[in-house]
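**Student:** Just dropping this structure here.
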Amino acid sequence: MLIDLTGKKALVTGSTSGIGRATAASFARAGAEVVVNGRDDGRVADAVQELRAETGSDRVTGVAADVGTADGAAALIAEVPDVDILVNNAGIFSATPVFEISDAEWLRFFEVNVLSGIRLARHHTPRMVERGWGRVIFVSSESSVFIPTEMVHYGVTKTAQISVARGMAQEVKGSGVTVNSVLPGPTLTPGVEEFVRDRVGADIPFEEAERRFIAEERPTSLLGRLIRPEEIANMITYVASELSSSTTGAALRADGGVAPTIFP
């Protein structure tokens, strides 16, 4: 199976590290023109330079903008008005007891994790429809269907992403544009590494911390380890390609079996 994204332009939000960065690299290797996005100018510039070196592609560029705000999303749209592939990956998470989550924190999570993708998709999806082809992908989480007790606000926003993706897919049916959500499980990103250490101990080798975290906090995992970003990027790259043309309105799990359910 050969995935060729030559001639396609892709925007990946939150792509200076983790799943977003791995996705940007995978897209570049498949021949796409890739726009990297993050909040910090320096980190965006560094990611662009590193990705060009890693992938051998000079078609990787970057735009610094905080898509968790209306102004930031508008600035990104102004810089990148047209894309063929939109990956809404930007997001935040934290562990907070559910009865201690303030209104402000609920709103912040919704703004960053949900509205960021809605704002970009609201602009880009109709333009894809006009051209007769496009891919919109929301990077959700297994937490959308298996709500973590310590991160209820996070789980709620991830469930919302699935609903948004399904509704948008219905709106553009038959247009050549697909809208899907991908549901990663616990993935070894810099933020998750810090989260794991906070949960199970900072003074032990990370390999042991990873083992303990999965055993104690995500015991339903069928992999028995954290997923690597490249493994999620593989799924996203497939969904972004012509090969996934019959897949739309779907919630696609790449969670290592953490969610103990059959569907989605």
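**Student:** Could you tally the net charge around SER241, taking each other residue with its Cβ under 13 Å from the Cβ of SER241, Lys/Arg +1 and Asp/Glu -1?
**Tutor:** 0
**Student:** In whole percent, what relative contact order does the chain give with Cα contacts below 8 Å and a gap of six or more residues?
**Tutor:** About 19 percent, as a whole number.
**Student:** With r defined as the distance between the Cβ atoms of GLU171 and GLU105 and R0 fixed at 30 Å, what FRET efficiency is calculated, to the nearest 0.05?
**Tutor:** Using R0 = 30 Å, I get an efficiency of 0.45.
**Student:** Dipole of the chain, Cα-centred, from +1 at each Lys and Arg C-beta and -1 at each Asp and Glu C-beta, to the nearest 20 debye?
**Tutor:** So the dipole magnitude of the chain works out to roughly 840 debye.
**Student:** Here's another thing I want to ask about it. Can you tally the net charge around SER144? Count Lys and Arg as +1, Asp and Glu as -1, for every other residue whose Cβ sits under 13 Å from the Cβ of SER144.
**Tutor:** Once all neighbours under 13 Å are counted, the net charge is +1.
**Student:** Between region 1-79 and region 88-124, how far is it from one alpha carbon centroid to the other, in angstrom?
**Tutor:** 21
**Student:** Something else about it: Work through the residues other than GLN49 whose Cβ is under 12 Å from its Cβ and net out their charges, Lys, Arg +1 and Asp, Glu -1.
**Tutor:** Summing Lys and Arg as +1 and Asp and Glu as -1 gives -2.
**Student:** Along the Cα→Cβ direction, 7 angstrom out, place labels at ASP46 and THR69. What is the inter-label distance in nm?
**Tutor:** Going from the ASP46 label point to the THR69 one covers 2.2 nm.
**Student:** Using Cα positions and a limit of under 14 Å, work out the aspartates and glutamates in reach of LYS173, with same-chain residues fewer than 8 apart set aside.
**Tutor:** Correct list for LYS173: GLU130.
Laboratory data are not the source of any read-out in this text; all were calculated from the coordinates shown. Because the structure is a prediction, the values reported are computed rather than measured. Every residue, glycine as well, gets a Cβ built from its backbone with ideal geometry; the counts of neighbours run over all protein chains shown.
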